[in-house]
Structure formats: C-alpha cells, structure tokens
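For reference, the structure is listed below as structure tokens.
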Amino acid sequence: MKLTIKNKISILIVVSNVILILVVVFINIRNLNNNILAQKEKYFNEVSTLTSNSIDLKLKDLSLAVETLVQNKILNEYFAKQDRESLKNELSDYFKRLKKEYGLSQFQYHIPLATSFLRLHKPKKFGDDLSSFRKTVVECNKSKKPVVGIEVGRGGPGLRVVYPVFYEGEHIGSVEFGGSIYAIINQLSDTLGLEYAIGIFDDVFKNAKRFENAKTDIVKDNIVFYYYKGSTIKNVLKDHFNEAKIKISDKTFFSYKYPLKDFSGEKIGYIYYVHDFTPAISALKSNMYRTITAIIIVALLINVIVYLFLSFAFKPMKGFLEIVKELARGKGDLSKRIPVNVASCNDIAGLGDNECKEHNNLRPCWSTMGEFSDEIRCQLLKSGKISSCEDCKVFKKSINDEISEMSVWVNAYLSKVDEEFKKTLLNLSEVGEKIVPVSNGLVKIEQNAEENVQMASQVATASEEMSSTIAEIARNANDASIKADETVKITQDGAKLIEETVNYVEQVNSVLENLKVEISSLSENSQKIGEILSVINDIADQTNLLALNAAIEAARAGEHGRGFAVVADEVRKLAEKTQKSTKEIEDMIKEMQANVSEVNHKAEDVGNAVSKQVEIAEKTKESFDNIYYYINDLVNLILSITTAVEEQSSATEQIARSVENVATRADENKKEIFDLIRKINMMIDDLNRLVDQYSKYTLSSKGAVFVKAKLAHIIFVKNVLDCVATKNCSFEIKDHTMCDFGKFYYSVGKEIFGNDSEFMMIEEPHKNVHFYGRATVDSIKSGNMDKAKENLSVMLDNVDKLLSLLDSLIDKYK
C-alpha cells in the first residue's frame with residue numbers, strides 16, 4: 001500500500017499518541033489497583049480499631065459498674081452470709097436496669113473456686129460447678145484480682161468482667177457481669193455497612209463445652225462459624241473464604257479477619273468481615289476513565305489539528321492528483337483548478353481600470369488575458385515592460401513554494417487544454433451541422449430514384465402484361481372465329497328446337513283448359529255433399545232431443561217405462577255417433593273443398609305460365625333468327641382483329657425490353673445512393689465517437705452543454721433521415737424530456753439559464769423536433785409515405801430553429 005507523506009506524518013503522530021495513551025492507561029490502572037488496596041487497608045484498619053475500641057469501651061463500662069458493686073458493704077454482707085434471697089431482692093431491679101441500659105446479659109455471684117451462688121439472670125439455677133469451663137471465674141478467685149476480657153462460654157464468646165468480693169478483709173468469692181459481643185459488632189455493622197460472621201476454633205468450643213453444634217454452622221480451617229449477619233456472608237464463607245478479593249455477580253467484595261483474643265491474650269477465633277467495595281471502586285474507575293478520556297480527547301484533538309494542518313499544506317497536491325488521475329482515465333473536469341492564491345493586478349502591478357479591466361478580478365490573469373490566453377490583453381506585455389508573465393509581480397506573488405508554483409503551471413496547462421477542447425467541439429458541431437442538408441438532399445434524391453424505379457417497374461410490368469394480353473387476344477380471337485362458326489350451327493339447331501317447344505306448349509295449354517273444367521265440376525259436387533251432411537246433422541240433433549224426451553217420460557212411468565228408457569238411451573247414443581261421424585265427414589269435405597280450390601288456383605297459374613311461355617318461345621325463335629345473321633358478321637370482324645393483334649404484339653415486346661433497362665439503371669442509382677448514405681453514416685459514427693470522447697471531460701465553458709446538445713440532435717435528425725431513405729428505423733427515439741439535453745433543460749438548466757430568453761425559447765422547437773421525428777418514423781413503419789414526408793418537413797423546419805438558438809447560446813457562453 002502506497003503511503004503519502006501526509007499519511008506517514010499522520011500515522012507517526014497517531015502511533016505516538018496511542019503509545020502515550022497506553023502508557024497513561026497502564027499507569028492509571030496500576031494506580032487504580034493501588035488505590036483500591038490502600039482504601040481496603042485503610043477501611044479495615046478503621047474497622048479493626050473501631051472493633052477493639054468498642055469492646056474495650058464496653059468492658060470499661062462494665063468494670064466501673066462491677067467495681068462500684070463490690071464496694072457495697074451491705075451486698076457483700078449478704079453474700080458473706082450466703083443470704084441468697086436478700087441479695088436477690090436487692091439486686092433484681094438493678095439488674096433489670098443494667099440489662100436495659102447496657103445490654104447486660106449475665107449477672108452472677110460465685111463461691112470459690114467457681115461454684116454458682118446466685119444468677120440474677122437465672123435465679124432458680126445455682127450451686128453448679130463452673131470450674132471446668134469458666135476460666136475467668138477460676139482465675140479471679142485464684143488471683144483475687146479482677147479479670148476482664150472475652151471468654152468463650154457454652155453459648156459462644158461474650159464479654160466478661162469478674163471482680164473478687166471481700167468482706168471484712170476476707171475473700172469470699174467473686175461477682176461477674178457478662179455482656180454480649182453481638183450488640184457491639186451489630187452496631188458497627190449497621191454503621192459501616194459491613195457483613196460479618198463470628199467463628200471460634202473448634203477445640204476452644206469443645207473446651208467450653210458448647211451446648212450443641214448448630215445446623216447452620218460453617219466450618220472452615222478448623223474454625224466454626226456459627227453467627228452471621230448479611231445476605232452475602234454465607235456464600236462468601238462457603239466459596240471464597242481464603243480470597244481477599246471476591247467477585248459475586250457484578251459486585252466486588254473484600255474480606256478481613258479480625259482476630260478474637262480471650263482475657264489471657266490467647267487467640268480464640270475470628271470476626272470475618274466482608275464489605276462491598278463496588279461503589280468505591282466505581283468512583284475510582286470513573287476518575288480513571290475521566291482522566292483517560294481527557295487524555296484521549298487531547299490526543300484526538302492533536303491528531304485532528306495536525307491532520308487539518310497537513311491537509312491544508314498538502315491540499316494543492318490532492319487537487320493535482322485528483323485532476324491528473326481523472327485525466328489519465330480518459331475523463332475528468334477541465335473546469336477544475338488547483339487552489340492557488342491569486343493577487344490583484346492593480347495592487348501588485350500598479351495597473352488601473354483603463355489599463356486592466358480585470359484588475360480587481362481574483363483570477364489568474366496569465367490565463368485570462370496574459371501570455372497563456374487566446375488573446376494577449378495585458379498592457380504590461382503589450383507595452384514590452386515585461387517579456388513574459390513569469391516576470392510579472394502578480395505571477396511571482398502567487399508563487400509561495402514549489403507546490404504553489406507547480407499548481408500555477410498545471411492550472412495554466414489545464415486552461416489551455418480546456419480552450420482547445422472547446423474549439424474542437426465547436427468545429428465538430430459545425431461539421432455535423434453541414435451533414436444535415438446533405439443527408440436531406442440524399443433523401444430527396446433517393447425518393448426520386450425510388451419513384452423512377454417504381455414507375456419504370458410499373459411501365460415494364462404493364463408492357464409485359466399488355467404484350468401478354470395482346471397475344472391472348474389473338475389466341476382468343478382465333479378461338480372466337482372457330483366458336484362463331486360452331487355458334488351458327490348451334491343457333492340453327494336451337495331455332496328448330498324452339499319451334500318444336502312451341503307446339504308442345506300449346507298442347508299442354510289445351511290439357512290445362514280441360515283440367516280446369518273438371519276441377520270446377522268437382523268443386524260443385526263437394527258443395528252439394530256439404531249440404532247433405534248438414535241435413536243429416538240436423539236429423540241427428542232432432543233424434544237426440546227426442547231420445548232425451550223419451551227418457552224423461554220413461555222415468556215418469558217408473559217400472560213400466562224402464563224398457564222404453566233403454567230403447568231411448570240407445571237411440572240417443574246412435575244419434576250422438578251419427579253427429580260425430582257427420583262432423584268428421586264434414587271436416588274432410590271442407591279440407592277437400594280447400595284443396596280443390598287451391599288446385600283450381602294453381603291450374604289457372606299454370607295456364608297463365610304456359611301461355612306466357614308460348615309467347616316467349618315465339619319471341620325466342622325470332623331472336624335466334626337475328627343471332628344467326630349477327631354471328632355471321634362477327635366471324636368476319638374477329639378475323640380482321642386477329643390479324644391486327646399479331647402485328648401489335650411484336651411492337652409491345654420491344655417497348656417492354658426498353659422500360660426494363662430503364663428500371664435496372666434506376667435501381668443501380670438507388671444502390672449508389674444507399675452506399676453514399678452508409679459512408680455518411682460511418683462519418684457520423686466517427687464524429688459521434690469523437691464527441692463521446694470529448695464529452696467525457698467537463699469544460700469550464702457554460703456553452704459546452706449547448707455544443708453537445710447540438711451534436712446530439714444533428715445525429716438524431718440524421719437517424720430520422722436514414723429511416724426515411726433506407727426504411728431502417730431500429731434506433732431509439734426518446735421523448736424531448738428524456739434525452740440528455742431535455743434532462744438538463746428541465747433540471748439544472750433552468751436554474752442556471754432560466755433568465756435567458758433564448759434558452760427559454762428552445763423548449764418549443766426542441767419538443768417539436770422529437771415529436772415530429774417520432775411521427776415521421778411511425779409513418780414510415782406503417783407504410784404511409786405521404787404522411788412521413790409531411791412530418792419530416794415540419795421536423796426540419798423546427799431543426800433549423802433549434803440549431804439557430806443553440807448556435808446563439810454557444811456564442812454567448814463560449
């Protein structure tokens with residue numbers, strides 16, 4: 001990987017800062033651990049001191065109380081006389097007060113050597129020998145001196161203050177105050193936020209004849225821990241007993257073993273303290289983090305400041321590299337320049353408004369009007385006061401070091417290249433503009449050639465068809481002559497047949513007349529039958545009525561008329577059958593009458609038709625006679641036509657051959673035109689490639705965009721013209737808002753040139769060029785050449801307007 005000088009310096013400073021930060025972090029972490037240990041030591045030293053002082057203070061308080069008690073002669077007298085009741089009565093209230101105020105747990109008298117005489121805390125229990133486990137009492141009675149300190153009893157360790165009791169100078173026993181050690185440690189625990197456990201050596205408990213081992217005891221290293229306070233202490237004892245630093249969940253604890261010693265100074269166990277140092281450690285870590293963060297921020301600020309300084313110092317190099325890289329890739333922005341400090345002409349060179357119009361313009365005058373511009377307008381150069389811009393004070397003032405000098409020369413070179421690119425694009429646009437009328441002329445020539453080819457082809461085709469037709473006519477005329485002869489014969493035969501047909505039709509007409517008479521007679525007979533059926537029907541009705549009356553009378557006659565009734569019923573049924581049969585016959589007669597009537601009508605129609613046919617046959621015979629004479633004339637005429645057609649056929653073939661030669665030549669001209677169009681297209685492609693190559697660069701001139709737009713639309717028009725000429729319309733036609741210039745026009749274009757009236761006037765012709773270009777191509781595809789020519793004419797009119805406006809804008813913003 002290649003590193004720049006700026007990057008190397010930056011990396012060196014960053015690495016140095018990182019090393020510094022790591023050293024500071026290491027020192028802070030070490031100090032943090034030392035501070036935590038120091039705080040732990042200080043804290044537990046204070047805990048140890050407070051524990052010792054609290055125990056000592058409690059023992060002193062108890063000692064004062066016992067010392068006052070042993071000086072009471074009355075009590076001593078009761079004890080000497082072993083008057084237990086009197087002694088108990090005197091001290092019961094006192095014990096209650098001491099228990100309430102001082103937390104006194106034991107108050108008892110002993111008879112030497114260690115026999116219990118009176119327990120104020122358990123008055124009913126006395127006389128038991130305590131010498132086997134109450135060393136404080138034994139020691140006091142032996143030495144006859146006070147014994148003060150901690151002693152492990154059967155219930156655990158406790159505060160013991162044992163004083164000897166004397167009566168009249170004679171030692172009579174001892175008195176003991178016993179206090180609880182738990183109250184003292186609990187108070188310390190609540191005050192300091194401690195958790196603790198009290199542990200006694202196992203052999204010490206055994207010597208003290210402890211009552212029983214509790215189920216909650218935890219034994220570690222021969223130490224029996226039996227009393228606990230806190231939520232974590234048991235977990236610490238079980239899993240972390242010998243660890244000074246303890247991690248439980250997200251908390252950090254430290255432990256401390258405070259040694260418990262009895263009245264004789266012998267170690268009997270420990271108070272195992274545990275304290276949560278998480279808040280203290282968090283506070284120390286927060287301080288450390290703040291320190292490290294401050295150092296990191298300072299280091300970052302240093303890095304940023306150094307980086308900004310280096311960026312500022314090497315900024316021209318960065319701009320130079322970016323420009324050169326883009327140009328090396330075949331593209332880039334030729335309008336970009338490496339930032340340099342440009343001095344004002346009139347401030348340095350002493351030129352005024354009249355001598356230097358750009359004297360207040362902070363631009364490199366050597367590129368705009370000096371030695372490296374197209375036209376030298378600098379008065380110092382024109383007057384000969386200086387021979388080169390390098391001698392000018394303005395040029396020298398702009399160069400501070402090697403980088404700025406390189407930047408000035410690179411900018412001058414870029415300005416020169418930018419100007420040459422602009423000229424080249426302008427020349428390319430002028431060349432492209434001249435192609436449009438040439439292409440349009442070729443299109444018209446091609447259209448004329450196409451029309452000539454089509455007309456010649458049509459004439460040749462017509463000549464060939466006419467020649468073929470004439471030959472066919474000759475053949476047909478000859479055939480017609482033969483057919484005409486045959487027709488004469490057929491006509492004669494037809495006339496004879498028609499004459500025979502007339503005779504036959506007249507005979508048919510006679511038969512039809514006789515048939516009509518017979519049908520009329522049949523119709524009259526059917527009418528008579530109908531009248532007879534009507535009479536029979538009336539008789540049947542009367543018979544039916546008589547049968548009904550006879551049946552009524554028979555019913556009135558009763559039994560005598562029964563036989564008559566049967567006969568009447570039979571008569572009635574016979575009458576009904578007669579009516580039914582008569583009805584059926586009547587229906588058939590009516591149908592027959594209708595059919596006879598229909599036949600009569602048809603017979604009349606046939607008669608009329610036969611009469612008409614006789615008339616037509618007679619006329620046909622006359623026509624056949626006329627046809628016979630006309631066909632004879634036609635045969636003579638056909639023979640004349642056949643002779644003339646044969647003569648015309650040879651002349652028509654000669655004309656067809658001549659027209660075919662004309663069509664072939666016209667087609668060759670059309671191919672030459674297509675070849676010329678292809679070569680022009682190749683030139684357009686070369687021109688387009690040049691434009692694309694130059695378009696990769698961004699020029700400083702605002703007018704460059706109009707040059708590119710002009711060339712793009714010249715190519716568009718050329719494609720449309722090729723479509724008209726060659727019918728090759730496969731190119732893409734975009735909407736006027738979607739072409740490159742359209743996208744520019746409706747976005748940043750209006751922002752830059754929106755106040756220019758000529759720029760705003762482009763919209764209408766630009767839109768029409770695209771619209772009628774598409775319409776022309778669509779008409780070509782649909783085969784409507786007339787519409788295509790009409791649309792092409794409108795498009796070319798708008799092209800002239802568009803190119804004229806673009807030329808004006810190019811000149812204005814060049």
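Computed values, structure above
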| quantity | calculated |
| --- | --- |
| Test result for Lys238, over 30 Å from Pro146 (Cβ atoms), surrounded by fewer than 19 Cβ atoms within 10 Å (Cβ to Cβ), of a type in the set (Lys, Arg) and touching a helix residue (DSSP H, G or I) at 6+ places or on another chain (Cβ under 8 Å) | no |
| All positions within the range 174-228 that are β-branched (Val, Ile, Thr), farther than 26 Å from Leu62 by Cα, surrounded by 12 or more Cβ atoms within 10 Å (Cβ to Cβ) and out of contact with any Leu (no Cβ under 7 Å at 6 or more places or on another chain) | Val219, Ile223, Val224 |
| Of residues in the range 133-165 being β-branched (Val, Ile, Thr) and in contact with a helix residue (DSSP H, G or I) (Cβ under 6 Å, 6 or more places away or on another chain), the one modelled with the lowest pLDDT | Val152 |
| Complete set of residues in the range 28-87 that are farther than 20 Å from Arg160 by Cα and acidic (Asp, Glu) | Glu41, Glu46, Glu77, Asp83, Glu85 |
| Residue match in the range 48-66 (condition: closer than 14 Å to Gly173 by Cα and part of a helix (DSSP H, G or I)) | yes |
| Members of the range 62-72 found to be surrounded by fewer than 15 Cβ atoms within 10 Å (Cβ to Cβ) and either under 17 Å from Phe263 (Cβ atoms) or in contact (Cβ under 8 Å) with a residue 12 or more places away in the chain (or both), listed by number | Glu67 |
| Filtered residues of the range 208-222 (kept if at pLDDT 85 or above and closer than 20 Å to Phe263 by Cβ) | none |
| Some residue of the range 16-38 being part of a helix (DSSP H, G or I), assigned by TED's automatic domain parsing to the domain that holds Thr191 and under 26 Å from Glu139 (Cα atoms) | no |
| Failed criterion for Ala80 (all others in (1) surrounded by fewer than 16 Cβ atoms within 10 Å (Cβ to Cβ); (2) under 18 Å from Lys144 (Cβ atoms) hold) | (1) |
| Checklist (1) modelled with pLDDT of 85 or more; (2) small (Gly, Ala, Ser); (3) on the phi < 0 side of the Ramachandran plot; (4) not in a strand (DSSP E or B) applied to Ala280, failing item | (1) |
| Sole residue being in a helix (DSSP H, G or I) and either under 24 Å from Gly783 (Cα atoms) or not basic (Lys, Arg) (or both), chosen from Cys729, Cys723 | Cys723 |
| All positions within the range 101-123 that are of a type in the set (Phe, Trp, Tyr) and part of a helix (DSSP H, G or I) | Tyr102 |
| Of the criteria (1) modelled with pLDDT of 85 or more; (2) of a type in the set (D, E, K, R); (3) not assigned by TED's automatic domain parsing to the domain that holds Val148, which one Lys8 fails | (1) |
| Yes/no for Tyr745 being under 13 Å from Phe706 (Cα atoms), in contact with a Phe, Trp or Tyr (Cβ under 9 Å, 6 or more places away or on another chain) and without any contact (Cβ under 8 Å) to a residue 24 or more places away in the chain | yes |
| Residue identified as in a helix (DSSP H, G or I), of a type outside the set (D, E, K, R) and within 20 Å of Ile184 (Cβ to Cβ) among Leu75, Leu91, Leu98, Leu69 | Leu98 |
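The values are calculated or read from the model by the stated rules, or taken from the named source; none is laboratory data. Keep in mind that what you see is a predicted model, and the values were worked out from it rather than measured. Cβ sites come from the backbone with ideal geometry, for glycine too, and all protein chains shown count toward neighbours.
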